[in-house]
1. Let me check something: with ligands and nucleic acids excluded, how do W486, W294 order by accessible area (1.4 Å probe), largest to smallest?
2. For the pairs K318/K449; K495/K621; K465/K628; K342/K628, note any where the Cα-Cα span goes beyond 26 Å.
3. Which shape class applies to region 298-394: rounded if a/c is under 1.5, otherwise prolate when a/b exceeds b/c and oblate if not, where a ≥ b ≥ c are the square roots of the Cα gyration tensor eigenvalues?
4. What size of dipole, in debye to the nearest 20, comes out for region 607-654 about its Cα centre when the only charges are +1 on Lys and Arg C-beta atoms and -1 on Asp and Glu C-beta atoms?
5. Shape of region 225-323 from its Cα gyration tensor (a ≥ b ≥ c, root eigenvalues): rounded if a/c is under 1.5, otherwise prolate when a/b > b/c, or oblate?
6. With a cut-off of 13 Å, note down the residues of region 365-393 whose backbone N falls inside the zone around a label point 7 Å from the Cα of I672 toward its beta carbon.
7. Could you give the length gained by full extension between S429 and L589, i.e. 0.36 nm per residue of separation minus their alpha carbon distance, to one decimal place?
8. Net charge near D444, counting Lys/Arg +1 and Asp/Glu -1 over other residues with Cβ under 11 Å of its Cβ?
Amino acid sequence: MIGTVLCYVLLPAARLLQALRDAFSTCQKNVLLAKSPSTQIEGVFAATTGRSVPEEQEALLQQWLEEEVGNLPASESVPAARKVSVTLTSAWLEGSELLMTSLSDLNTSPEVTQCADQQLLELNTLASSELQDHAVAELARLPAEETVTVAGSAPWTAVVPQTDHQTAGCAGINVEVLNDDPAVLAWSLACDAETVPPALPAQPIQDAVPFYPVPTDVPYHEILWRDWDDLSVQPCVLEQVSENTSLFEFRVMSYNILAQDLVEQGIDLYVHCHPDILSWNYRLPNLLQEIQHWDPDVLCLQEVQENHYWEQLEPTFKEMGFACFYKRRTGTKTDGCAVCYKHSRFQLISLSPVEYFRPGLDILNRDNVGLVLLLQPVLPEDLGLKAVSPLCVANTHVLFNPRRGDIKLAQVALLLAEIDKIARTTEGSYYPVILCGDLNSVPDSPLYKFIRNGELSYHGMPAWKVSGQEDFSQQLYPRKLLAPLWPSSLGVTDKCQYVTLCQPKKLGRREYSRDFLLQFRFCEVACERPPQLVLLEGVTDAKPVASAREHSAVTAVLKRHNSLSFRAKQCSGVIQHSLNLTSVYSHFLPHRGRPEVTTMPMGLGATVDYIFYSAEPVESKAGRRLYKDGALKLLGRLSLLSEDVLLMANGLPNPFCSSDHLCLLASFGLEISSL
């Protein structure tokens with residue numbers, strides 16, 4: 001967005017430098033806020049109230065000027081206060097375009113290579129004692145709409161926050177001017193000096209407020225740059241895709257967008273952030289712009305506030321071509337999960353919301369939810385008689401509490417049981433599955449290993465250890481997981497399948513102990529004489545007679561026998577699933593030698609967000625299952641960042657990343673077969 005500010009500078013020249021510095025501060029805030037959304041988003045949330053009329057603005061300005069004159073010391077008083085109108089204009093580069101365009105293009109752009117420190121140095125020289133009188137005289141002769149260009153640099157723009165609470169066509173933010181930050185200011189340089197923006201009503205420049213700037217001269221777009229990893233050119237992928245095999249390609253994004261209610265309830269978690277960048281009116285256009293740029297075909301969102309979804313997000317997503325489904329958390333919670341897909345790429349086969357809260361069960365007494373969809377890819381008509389497998393997409397946000405890993409494990413098991421039901425084919429196999437979400441568990445934690453390896457022995461495990469978020473090993477008497485983890489009344493087996501949908505087990509050879517078999521020595525079958533048995537008087541002609549006590553014991557054993565097979569494995573403390581899921585991300589950045597992070601609470605980076613997808617297991621090494629791509633192939637992914645990089649950008653959220661999580665993005669291909 002291009003802006004103009006009329007800076008009213010009181011003379012003598014001793015105050016010129018301060019006014020110009022205020023203009024630079026205003027320019028910096030313009031860069032912080034003015035991120036233009038797309039035409040599809042533009043105007044949807046524009047504020048229609050709170051616009052000050054020009055007379056009120058002029059009155060406020062006159063009052064401000066009078067107060068400034070009154071505050072001048074006697075030594076600085078002048079015969080007459082003169083008013084100089086300085087218009088500082090420029091076309092600026094959108095923050096998102098800098099973040100999301102090629103670095104090579106940015107390096108060749110002359111406006112990005114300019115340094116804000118050089119501009120400040122030149123302004124200090126301009127206001128020095130030797131040049132003050134000359135500068136004042138020159139500025140006084142400038143027309144009201146003339147562009148002032150600092151020698152050797154591109155023109156720049158300074159924009160005062162608008163009182164109509166409207167920024168870049170979106171709902172408004174009441175902002176204050178920030179301190180000078182060269183890393184942010186460098187974004188505002190531009191090369192188009194011919195474009196003159198329309199003038200805004202003059203407003204007083206507000207006092208500077210403290211902020212935590214990026215401690216480096218590197219611009220934000222270089223700090224937060226995320227590479228696209230193209231995996232389609234890897235030999236392992238090329239070997240599996242023949243020249244005659246065509247793929248249905250699509251992108252999936254998983255994003256925890258940080259519900260505004262949670263921001264306000266936990267404001268102490270964001271003390272490193274300027275209050276303005278935590279405003280929903282500021283964050284919303286950033287989030288929408290980021291989503292639209294990456295253009296996913298399937299979008300899985302967590303922490304979606306209900307009123308924001310129905311009033312703002314769903315209408316905008318529908319304009320972008322998405323079909324949307326939402327599930328609010330149970331109880332009094334105001335946020336939930338949403339799954340959106342491009343209706344031009346997919347058609348809905350089935351939808352299944354999942355509520356983890358079950359009354360009366362301590363293991364499932366929290367309000368988290370999930371969504372499971374079965375989608376049918378839409379093929380172009382020119383492909384003729386071709387077919388592609390349906391796709392199962394699941395999205396969830398698991399409990400945060402690091403001490404209650406038992407609840408997290410039960411929630412994931414319930415979600416996997418729902419996926420098992422939705423994704424299972426009539427032949428007993430599974431459609432390709434993509435599982436997205438904030439699992440509040442770190443890589444290589446027991447919960448992560450359970451999803452990836454398909455099995456977990458949990459009996460006796462400390463509950464805090466399940467997610468691996470924090471170390472409570474010094475805690476006395478920690479909660480431990482006991483078998484069975486959930487009661488049989490839940491209707492979910494130890495294989496994370498609904499009891500009603502389980503396949504009957506095949507009869508096979510079983511081994512029983514002697515004591516177990518002796519319990520059946522007086523049952524009816526045992527008391528019948530086999531016809532092939534040789535009759536020996538006094539030996540094989542006698543029929544066993546059981547006492548009343550032994551008879552009642554046999555009856556009780558037979559009644560319990562039907563439930564033994566169900567409870568035996570569950571009581572052993574082992575749970576399993578058969579979905580064969582692996583992670584899109586490796587959770588390590590080899591070129592930096594550091595782990596990936598997806599969130600940064602209180603300045604500590606961690607990975608808790610994931611995209612899992614169906615693959616084919618090939619072997620297991622040291623208890624870790626290895627996979628290769630099957631019908632669903634991973635073609636690429638958006639790289640993540642490390643903790644030290646995010647620290648350079650003041651953590652999360654920051655002026656350009658409006659959530660406390662990074663988005664995850666992956667490109668997949670489904671094999672297209674002939675009918």
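1. On the way: W486 5, W294 40 Å².
Ranked from most to least accessible, the order is W294, W486.
2. Numbers: K318/K449 37 Å; K495/K621 22 Å; K465/K628 29 Å; K342/K628 28 Å.
Table pairs above 26 Å Cα-Cα are K318/K449; K465/K628; K342/K628.
3. Details: a/c = 4.56, a/b = 1.68, b/c = 2.71.
Oblate, because a/c is 1.5 or more while a/b does not exceed b/c.
4. Details: 6 positive and 6 negative charges, 51 e Å.
Charge dipole of region 607-654: 240 debye, to the nearest 20.
5. Working: a/c = 3.23, a/b = 1.99, b/c = 1.62.
It comes out prolate by the Cα gyration axes.
6. 377-389
7. Details: separation 160, 0.36 × 160 = 57.60 nm, distance 3.47 nm.
Roughly 54.1 nm would be gained on extension.
8. Numbers: positive: K449, R452, R624; negative: none.
Net charge in that neighbourhood comes out at +3.
The values are calculated or read from the model by the stated rules, or taken from the named source; none is laboratory data. Because the structure is predicted, anything quoted here is derived from the model rather than measured. Positions of Cβ are backbone-derived with ideal geometry, glycine not excepted, and every protein chain shown enters the neighbour counts. Each accessible area value is taken on the protein alone, full model and side chains, heavy atoms only, with ligands, DNA and RNA left out. Shrake-Rupley method; radii C 1.70, N 1.55, O 1.52, S 1.80 Å.
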